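The values are calculated or read from the model by the stated rules, or taken from the named source; none is laboratory data. Fair warning: this is a prediction, and the values are worked out from it, not measured in the lab. When we count neighbours, we look across all protein chains shown, and the Cβ atoms used for this are built from the backbone with ideal geometry, even at glycine. Surface accessibility is based on the protein's heavy atoms, side chains included, excluding ligands, DNA and RNA. Shrake-Rupley method; radii C 1.70, N 1.55, O 1.52, S 1.80 Å.
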Amino acid sequence: MDQLSFGDFVNTELQPLAARLRPRTLDEFVGQKHLLGQGKVLRRLIESDQISSMIFWGPPGVGKTTLARIIASMTKASFIDFSAVTSGIKEIRQVMQQAEQNRQFGEKTIVFVDEIHRFNKAQQDAFLPFVEKGSIILIGATTENPSFEINGALLSRCKVFVLHALGTDEIVEILMHAIRDPRGFGSQKLAMEPDMPELIANFANGDARSALSTLEMVVLNGEIDGDTVRVSRNTLEQCISKKSLLYDKKGEEHYNLISALHKSMRNSDPDAAVYWLARMLEAGEDPLYVARRIVRFASEDVGLADPQALPQAIAAYQACHYLGMPECNVHLTQAVVYLSLAPKSNALYVAYGEAREDAATQLAEPVPLVIRNGVTALMRDEKYGEGYQYAHDTEEKLTNMQCLPDSLFGRGYYRPAGQGAEAEYKDRLEKIKAWKLEHQ
């Protein structure tokens, strides 16, 4: 738990590059234009000194801590940096006492809680009364979904701002600034290939802190040639333990590779699918991104042809979340091979696409009265639910009740392809439709 002042922004040679280059103003801050661009809501609140308690939700290295410090400096508030990893209720009470003293002297106190999701319910509750009466302005930072990790009572008193992973161009901008700024390597002569900042930016996967750390490492390990530090591609590969940086400047290869993986699985080619999976993972791709695409594939291209496809994909995603790389590579391989060998059907994908088109063009179609829920006397007087047939009361567990609007009567969306287990569903659906046609 540390109280920071403007002196904390003073650079020292002992600080890591990311700390030395920490932005000091909103104009120096890179990224999050949806929040901090001219006229955007968070920028207006900061510049007008009208901030209230808030939560910054976003991946690592996107500027959550930096933004909190900039807010503190612009609002002339006392800034207390509070770690959820090392602090408990005792430390929270000490902070609150200090904040109360500051308030008596007319000074605002911003309490910044990094990794606020790590606090348990009792610790989070300890902040609540002080946030309610305005003793502190709480700024929490979290990489986890606040809806699940932060108490509802505390969350309801905080505005949630979502920070996005930085784009490659934004990280390149940060790296070029580090190369030119005297706080970084501006006082040194660096010689490196023109595309090296972009290679580092692609490898960083949206994390500015990671990118700056990589840049610092390659410069420190560069070859000294007189007054020049030469940084080679070989040095970069050694520093990041990657022999192949496979994604190009514009990220096209990123989409080419995921497309290759998807189409190889669709074509039932497990060997090609595993190769493209390895290409992505060994290039530093986020395994959770790959896992999300696999989950999508399980329903889009397999669906009910193999009802176990989706559970397999979800299990792989969970394994990636729990273990990360490199351990989770085998779980992704299992899912990719399973989906490659599974029978294929895009019937669910096609069904939703056709239904979406009808839904978009016929938004005003009323729900048939027979399947409306008549929960009040007025609704029942208006014939809500009149004539409803409860399928479980019938021997066949079927009724001839019409559930689509009149304008869509007889419309079909789900047409099973008949592959794998879907053959059973196809037969079942044909029998259901025949029965309903007979009993109209």
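Scanning the range 290-307 for residues that are free of Cβ contacts under 8 Å to residues at least 24 places away in the same chain and out of contact with any Leu (no Cβ under 9 Å at 6 or more places or on another chain) returns a single hit, 296.
So that you can scan it fast, the table gives a plain yes or no per residue for (1) at pLDDT below 85; (2) not acidic (Asp, Glu):
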{"site": "41", "(1), (2)": "no, yes"}
{"site": "72", "(1), (2)": "yes, yes"}
{"site": "85", "(1), (2)": "yes, yes"}
{"site": "104", "(1), (2)": "yes, yes"}
{"site": "123", "(1), (2)": "yes, yes"}
{"site": "134", "(1), (2)": "yes, yes"}
{"site": "144", "(1), (2)": "yes, no"}
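Taking (1) free of Cβ contacts under 8 Å to residues at least 60 places away in the same chain; (2) under 25 Å from residue 266 (Cβ atoms); (3) assigned to a loop (DSSP other than H, G, I, E, B) in turn, residue 415 satisfies each apart from (1). Residues that are surrounded by 15 or more Cβ atoms within 10 Å (Cβ to Cβ) and either assigned to a helix (DSSP H, G or I) or among the basic types (Lys, Arg) (or both) within the range 316-333 comprise 316, 317, 319, 320, 329, 331, 332, 333, listed in sequence order. For the range 206-218, a tally of residues being of a type in the set (S, T, N, Q) and surrounded by fewer than 20 Cβ atoms within 10 Å (Cβ to Cβ) returns 2. Of the residues making up the range 182-198, those that are in contact with a Lys or Arg (Cβ under 8 Å, 6 or more places away or on another chain), under 25 Å from residue 282 (Cβ atoms) and crowded, with 17+ Cβ neighbours inside 10 Å are 192, 196, 198.
The strands (runs of 3 or more DSSP E) found entirely in the range 147-228 that carry 3 or more residues being under 30 Å from residue 46 (Cβ atoms) and within 19 Å of the chain's Cα centre (by Cα) are 159-162. For the range 373-384, the count of residues that are part of a loop (DSSP other than H, G, I, E, B), touching a residue at least 24 places away in the same chain (Cβ under 8 Å) and in contact with a Phe, Trp or Tyr (Cβ under 9 Å, 6 or more places away or on another chain) is zero. If the condition is being over 17 Å from residue 434 (Cβ atoms) and either open to solvent by less than 70 Å² (accessible area, probe 1.4 Å) or of a type in the set (Val, Ile, Thr) (or both), then the range 390-404 contributes only 404. Picking from residues in the range 342-379 that are in contact with a Ser or Thr (Cβ under 9 Å, 6 or more places away or on another chain) and among the hydrophobic types (A, V, I, L, M, F, W, C), the one that is surrounded by the fewest Cβ atoms within 10 Å (Cβ to Cβ) is 348.
Looking across the range 102-128 at every residue that is open to solvent by 60 Å² or more (accessible area, probe 1.4 Å) and of a type outside the set (D, E, K, R), the one that is farthest from residue 77 (Cα to Cα) is identified as 120.
Taken over the range 142-188, the criterion of being among the charged types (D, E, K, R) and within 17 Å of residue 113 (Cβ to Cβ) is satisfied by 144, 149, 157, 159. Counting only strands (runs of 3 or more DSSP E) wholly contained in the range 22-135, the ones carrying 1 or more residues that are more than 24 Å from the chain's Cα centre (by Cα) and closer than 30 Å to residue 211 by Cβ occupy 78-83, 109-114. For the range 405-440, a residue qualifies if it is farther than 30 Å from residue 309 by Cα and open to solvent by less than 60 Å² (accessible area, probe 1.4 Å), and the qualifying residues are 405, 408, 435.
Can you say whether residue 370 is assigned to a helix (DSSP H, G or I) and over 30 Å from residue 383 (Cβ atoms), as far as the supplied structure shows? Spelling it out, it is not the case that residue 370 is assigned to a helix (DSSP H, G or I) and over 30 Å from residue 383 (Cβ atoms). For residues that are in contact with an Asp or Glu (Cβ under 6 Å, 6 or more places away or on another chain) and at pLDDT below 90, scanning just the range 247-269, find the one that is most open to solvent (accessible area, probe 1.4 Å). Checking each candidate, the answer is 249. Going through 310, 339 one at a time, which residue ends up being open to solvent by less than 10 Å² (accessible area, probe 1.4 Å), modelled with pLDDT of 95 or more and not small (Gly, Ala, Ser)? After applying the criteria, what remains is 339. Within the range 282-305, the presence of a residue that is surrounded by 19 or more Cβ atoms within 10 Å (Cβ to Cβ), part of a helix (DSSP H, G or I) and of a type in the set (S, T, N, Q) is excluded.
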